[in-house]
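Worksheet: the structure to be examined is printed underneath.
Just so you know, all these numbers are worked out from the coordinates, no wet-lab data involved. The shown structure was predicted, so the numbers you read here are calculated from the model rather than taken from an experiment. For neighbour counting, all protein chains shown are included, and Cβ atoms are generated from backbone atoms with ideal geometry for every residue, glycine included.
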Amino acid sequence: MPPIRPVELHPIIVHFPIALLILGVTFDFLGVALRRWGLTDAATWLLVIGTPSAGVALLSGWVSEHYVTVGGAGEILHLHKVVAVLTTALFSLLLFVRLVWLAPRGFERFARVGALRPALASADGALRQIAPRLYDPPLPAAAVALYLALSVIGVGLLALTGYLGGALVYDHGVGAPAGLILSLFM
């Protein structure tokens, strides 16, 4: 088997963040609708893993770009990159917000570790001053609704990114050996 070329990494990697992030948003909605907080905990982990993997997919796309002939698909490639950056940025924002929301619980869990206790106490005190509402569950319904709305926008951007990537490959043959795409459909 020949070694994997850099251009081949991007199509291998992109499917992981797509699946993780869509599943995470789905779990968030199900968790809120069914009041099953275990689902929202799972959604948190999917976001924690999916967001950095989206960054890796973005990086692999930039690497792949240098190994392909774009031809007439330059505008689509540019739009694909812009939407991919927006998607990754939005999910990064959602991850940041999620981690801030969960910070009080994290402080409680990790305060048992003696070496972390002073640093966590300082961070906990600062967060209590900056955002005391985080310590009074439940979170405001409007904040949860805004978070979920941004999540849906993120999934929409993710879908658009995938659509544009598919158009690059299947409509313009970007990244595929000459004639391969046509031979698959004949």
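Computed values, structure above
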quantity	calculated
Charge context of F107, other residues only, Cβ under 11 angstrom, K/R +1, D/E -1	+3
Under the span-like rule (Cα at least 15 Å along the axis, Kyte-Doolittle mean at least -1.0), DSSP H helices of the chain	15-34, 37-65, 74-110, 117-130, 141-166
Mean shadow area of the chain over all directions, Cα convex hull, nm²	14.7 nm²
Residue order, fewest to most surrounding Cβ atoms within 10 angstrom, among T51, T161	T51, T161
Theoretical FRET efficiency, 1/(1+(r/R0)^6), r = Cβ-Cβ of A119 and A89, R0 30 Å, to 0.05	0.55
For region 97-143 versus region 1-15, the gap between their alpha-carbon centres in whole angstrom	40 Å
Top of L146, L160, L30 by mean-square fluctuation, Gaussian network on the chain, Cα under 10 Å	L146
Full-extension gain in nm, L99 to A149, via 0.36 nm per residue minus C-alpha separation	16.2 nm
Local electrostatic count, L168, Cβ distance below 14 Å [Lys/Arg +1, Asp/Glu -1]	-2
Max mean-square fluctuation residue, GNM over the chain, Cα-Cα springs under 10 Å, options F29, F110, F91	F110
Formal net charge of residues neighbouring A42 (Cβ-Cβ distance under 10 Å; K, R +1; D, E -1)	-1
Taking L158, L93 and counting other C-beta atoms within 10 Å, the order from fewest to most	L93, L158
Tensor-based shape of region 1-96 (alpha-carbon gyration tensor, a/c under 1.5 rounded, otherwise prolate or oblate)	prolate
